[in-house]
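Below you will find the structure I want to go over with you.
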């Protein structure tokens with residue numbers, strides 16, 4: 001049992017020396033790997049008495065303290081660097097947001113102007129169509145008046161024509177009657 005603990009301690013010291021040589025990101029990953037190894041060894045170890053259990057727990061506690069000593073400066077450095085990056089990103093986001101808002105406002109202004117121009121064009125077209133409609137209505141009235149007057153005139157002409165035909169028919173009948181009278185007198 002103690003041999004396993006000594007072996008774990010040796011492995012930890014070996015890993016710790018490897019961790020010290022690595023960059024901060026790699027140190028964090030390596031420390032996590034050591035913890036996983038310890039956890040798996042802890043699960044494999046059969047503890048028969050309370051003292052061996054306590055010894056293993058103490059070794060794990062010491063291991064954790066060593067890892068904490070290794071990682072604490074890197075964690076704070078990483079946290080500070082991350083905060084600076086986040087601050088820069090916030091500032092960049094605010095600048096982008098302002099630029100985007102200005103662009104959107106400009107596009108909205110352009111769209112409003114285009115809409116206003118289209119409204120004016122539609123208004124002008126509506127006025128033109130209304131004027132055209134009034135002119136057309138006036139022309140239709142004039143045509144109706146002309147056609148009504150023309151129909152009246154046409155009716156008068158037809159009536160006169162009927163009178164003329166009636167007069168000619170009367171004349172023809174008179175002539176036929178004279179002709180017939182002459183024939184009979186001969």
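Laboratory data are not the source of any read-out in this text; all were calculated from the coordinates shown. Everything quoted here is computed from the prediction, not taken from an experiment. Virtual Cβ from ideal backbone geometry, glycine too; neighbours counted across all protein chains shown.
What length, rounded to one decimal in nm, is gained on full extension from residue 91 through to residue 127, with 0.36 nm per residue of separation minus their alpha-carbon distance?
The span from residue 91 to residue 127 would gain 7.6 nm if fully extended.
For the range 90-133, list residues with backbone N below 16 Å from a point placed 7 Å from the Cα of residue 144 toward its Cβ?
It comes to 133, nothing else.
Any idea how far apart residue 163 and residue 81 come out in nm if each label point goes 7 Å out from Cα toward Cβ?
12.0
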